Amino acid sequence: MTQVDSTAATPAGLSQIERVTSIFSAPSRTFDDIRDGRRSWWLPFVILAIVSYLFFAAVSTRIGMEQTVRNQIQMSPKAQQQMASASPEQAAKQISISVAITKGVFYVAPVFGLLYAAVIGAVLLGTINFAFGGRATFSNVFAVLYYAWLPGVIQVVLGIMVLWFQPPEQFNIKNFAPTNPAALFLDPASSNPALYALCTCLDVTTIWTLVLVSIGLATVAGLKRKTGYIVVFGWWAVVVIFKVGFAAAFG
């Protein structure tokens, strides 16, 4: 009798590059690969980190950090009131502190990404496993998140393109890409804060990412896609309600 080589029957997994490209063409291939035990996520992490630093360089070169901070003040009536009531020295100090904080956020953005993925991954893992009987692991969900975030690269590239063609004083670092109704049609300084917050949530890239996370989460949990959509979009709805409510109360 001929002995069958068990390794020959096991299909080879996707390479890192294949997983990245498949997320845009056939995301199920990427998530099936993660489910089957190939959980490495270093390439999307590197891509997202590079893109974030490119965006930082573009903003620093074209807009400048101080102008970016001043724009945010002009787009917020409450911030304008606070600056108007401050002395010139206090106003200058507040702007200087805000510039330093903005730069610091850019510098450590990849680290924040890791922490954010850890928190979101833990929430999704707990929900899909304990509420719906899934079999996902934290490492699987963590990898799913980083691959599902890759469409954000398109959003950042669009944002970089736009900032080179708009006046520096119109740049809005909190909503920099024309991928949602707020960026396309609303003025953050004069629009209703709750409406503006709601429209920023209806972002094409965000919804694309949510769909990918839903598919990936269901895949690694061994459940139907419908369950993944319920979990992911359910939590997203909670976030949207909180964000709109916060804007209505304090915007």
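Before moving on, here are some points about what is shown:
- Breaking point among (1) under 30 Å from R135 (Cβ atoms); (2) surrounded by fewer than 16 Cβ atoms within 10 Å (Cβ to Cβ); (3) of a type outside the set (A, V, I, L, M), for W41: (2)
- Check on I73, surrounded by 15 or more Cβ atoms within 10 Å (Cβ to Cβ), touching a helix residue (DSSP H, G or I) at 6+ places or on another chain (Cβ under 8 Å) and closer than 29 Å to L145 by Cα: no
- Hey, R62 surrounded by 14 or more Cβ atoms within 10 Å (Cβ to Cβ) and farther than 23 Å from S190 by Cβ or not: yes
Here's the yes/no breakdown for (1) surrounded by 18 or more Cβ atoms within 10 Å (Cβ to Cβ); (2) farther than 15 Å from I63 by Cβ; (3) among the charged types (D, E, K, R):
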{"residue": "Q155", "(1), (2), (3)": "yes, yes, no"}
{"residue": "L163", "(1), (2), (3)": "yes, no, no"}
{"residue": "A177", "(1), (2), (3)": "yes, no, no"}
{"residue": "A189", "(1), (2), (3)": "no, yes, no"}
{"residue": "A197", "(1), (2), (3)": "yes, yes, no"}
{"residue": "D203", "(1), (2), (3)": "yes, yes, yes"}
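- Filtered residue count, the range 129-143, keeping only those that are touching a Leu at 6+ places or on another chain (Cβ under 6 Å), part of a helix (DSSP H, G or I) and in contact (Cβ under 8 Å) with a residue 40 or more places away in the chain: 1
- When I215, I207, I154, I160 are checked against the criterion of being more than 21 Å from F242 (Cα to Cα), under 13 Å from the mean Cα position of the chain (by Cα) and either of a type outside the set (K, R) or at pLDDT 95 or above (or both), a single residue qualifies: I154.
- Residue count, the range 198-238 (criterion: closer than 26 Å to D187 by Cβ, among the hydrophobic types (A, V, I, L, M, F, W, C) and outside any helix (DSSP H, G or I)): 1
- Of all residues in the range 44-59, those satisfying the criterion of being farther than 28 Å from G228 by Cα and surrounded by fewer than 15 Cβ atoms within 10 Å (Cβ to Cβ) are I50, Y53, L54, A57.
The values are calculated or read from the model by the stated rules, or taken from the named source; none is laboratory data. What you see is a predicted model, and the numbers here were worked out from it, not measured in a lab. FYI the Cβ positions are ideal-geometry reconstructions off the backbone, even for glycines, and counts take in every protein chain you see.
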